[in-house]
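Below: the structure, in C-alpha cells.
We did not get these values from a lab; they are worked out from the coordinates using the rules stated. These numbers were taken from a predicted model, which means no experiment stands behind them. No Cβ is skipped: glycine too gets one built from the backbone with ideal geometry, and neighbour counts run over all protein chains shown.
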Amino acid sequence: MQSPLRTLGSAMLVAATLVGCATPPIRDTARVVALRPLDVQQQPARDDGAEVLWGGRIVAFDHRSGHAEIEVVSYPLARDQSPLTEAPSEGRFMLQLSGFVEPLDYAVGRHLTVRGILAGTHAGMVQEQPYLYPVVRGREVHVWPWGFMLDRRPRVHVGVGVRVR
C-alpha cells in the first residue's frame, strides 16, 4: 500500500506533465510547408497554393467586399503553435477570411495562428515603405486570449513556508 503523500506526489507529477503538453489548437498540419513570409517575398509566385501554418500579431483589420483582410506581423511558433513574440519578426502577411468577420474578435494587438493557403502577394505600404505581403486564405484560425504569453512560465512551486504578495 502506498502512502497518501506518495500518491499525492504521483498525481501532481502526472498533472504537471499533462499541463506541460498542451494540445496545439490546429491539429491538421500534415500538408503544411515550412515557409516564412520572408521566404515567400523573395520568390512570390513559386509557392502559390502551398499550405502554411503561420502566426503573429494583428496590426490592421479591414473589411472588403465579401471578405476581411487582416495584416499580421509574423513570429515563429512555439510547440503549442502560439506566436513567440519575443523572437524577431519573420515579416508580415495579409490574412484573408471570407464572409463577415467580427472586427472585435480580430482586434489590433491580438495574436493568432492560422493554417491557410498561399494565394499570391499584395503590394502595400509599411510606414511609407513599399512592402510585398504574402496573402494567406485562412482555412483554420485560432485567436489567442489576451495575455496568453504570461502563461508560458511554469506554475509549479515546491517549498515550505509563508508567501506574502
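Would you calculate the separation in nanometres between label points at residue 142 and residue 28, each defined as 7 Å from the Cα along the Cα-to-beta-carbon direction?
1.5
Tell me the relative contact order for the range 54-157 as a rounded percent, counting alpha carbon contacts under 8 Å between residues six or more apart.
On the way: 226 pairs, mean separation 26.6, N = 104.
Once normalised by length, the contact order is 26 percent.
From the C-alpha coordinates alone, can you work out the Kirkwood hydrodynamic radius of the range 26-151, in Å?
Details: mean 1/r = 0.0688 Å⁻¹.
Every distinct Cα pair counted, the radius reaches 14.5 Å.
Between rounded, prolate and oblate, where does the range 34-92 land on the alpha carbon gyration tensor, with a ≥ b ≥ c its root eigenvalues, rounded for a/c under 1.5, else prolate if a/b exceeds b/c? Each step should come with its number before you reach the end.
Numbers: a/c = 1.80, a/b = 1.13, b/c = 1.59.
Cα axes put the range 34-92 in the oblate bin.
Near the amide H of residue 121, under 5 Å away, which other amide H atoms are found, from residues 5 or more places off or on another chain, if H is placed in the peptide plane?
Those lying under 5 Å, H to H, from residue 121 are 135.
Counting other beta carbons within 10 Å of each residue's own, what order do 62, 80 fall into, fewest first? Provide the component values of the computation, followed by the final result.
Values: 62 11, 80 16.
Ordered from fewest to most neighbouring Cβ atoms within 10 Å, 62, 80 come out as 62, 80.
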